[in-house]
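Please read through the structure below; I'll follow up with questions.
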Amino acid sequence: MRLIWLLAVFLVLVGCMTTNIHNQSDMFIDIEVRKEDAWIGCSDINLKAENSLMTLYALHKGRVYEFMFRRVLSVKRCMKIEEIYRKLAEDALTVRIVGIHHLESDGGLITSRVPQKFKEQKNMGTWTFIRFSTAKGCESYFEGDCKPENYWGGVLPSKKSNLAR
């Protein structure tokens, strides 16, 4: 019985430690969530469709954070990126997503493919995707952005900074 109690306490502590907003300003977010609280996918997977938008979602404390690629992709290219990111997340306990340029939410999520648990939470708005990482590695929109020191020299931009203009 004592072993079960210790295991339960351990699992609660691990669950608490694995969700965190590492840094956030009005123009930047670096969030880490449990893998099951993240979703990675294309807005459209119909190969007859012309375009699709790569989106990532993170659930943190009952709120949804949406991250979108800067540009639409062909459906085929988007699905390839989705496959790469999902493989990176395989067997991971947590995933970490970084985004910039926060936009207020219009209330809806970009794709109906997102599981219901994401649709039922308050949407905290959309961020422009920068990088996605797990213990296995990192993928970024721009080459070199997996190294935090390469991203704005480690400075977190605010709306008032010249970098954000």
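The values are calculated or read from the model by the stated rules, or taken from the named source; none is laboratory data. None of the values given here were measured: they were computed from a predicted structure. Cβ: placed from backbone, ideal geometry, glycine included. Neighbour counts: every protein chain shown.
Among the residues of region 123-160, what is the count of those that are among the small types (Gly, Ala, Ser), touching a strand residue (DSSP E or B) at 6+ places or on another chain (Cβ under 6 Å) and modelled with pLDDT under 70?
We begin by selecting, within region 123-160, every residue among the small types (Gly, Ala, Ser); these are 125, 133, 135, 137, 140, 144, 153-154, 158.
Subset that is touching a strand residue (DSSP E or B) at 6+ places or on another chain (Cβ under 6 Å): 125, 133, 140, 158.
Then drop every residue that is not modelled with pLDDT under 70, which leaves 158.
Qualifying residue count, region 123-160: 1.
Does LEU59 satisfy being within 11 Å of the chain's Cα centre (by Cα) and more than 13 Å from PHE129 (Cα to Cα)?
Working: within 11 Å of the chain's Cα centre (by Cα): yes; more than 13 Å from PHE129 (Cα to Cα): yes.
So LEU59 fits the description; yes.
Any chance you could count how many residues in region 125-149 are crowded, with 18+ Cβ neighbours inside 10 Å and either more than 16 Å from ILE100 (Cβ to Cβ) or of a type in the set (A, V, I, L, M, F, W, C) (or both)?
Total meeting the criteria: 5.
Being assigned to a strand (DSSP E or B) and more than 17 Å from GLN24 (Cα to Cα) is the requirement here; does GLU139 meet it?
Numbers: assigned to a strand (DSSP E or B): yes; more than 17 Å from GLN24 (Cα to Cα): yes.
Taking the combined requirement at face value, the residue satisfies it.
Identify all residues within region 59-113 that are modelled with pLDDT under 95, assigned to a helix (DSSP H, G or I) and loosely packed, with under 13 Cβ neighbours inside 10 Å; write none if there are none.
Passing the criteria: only LYS76.
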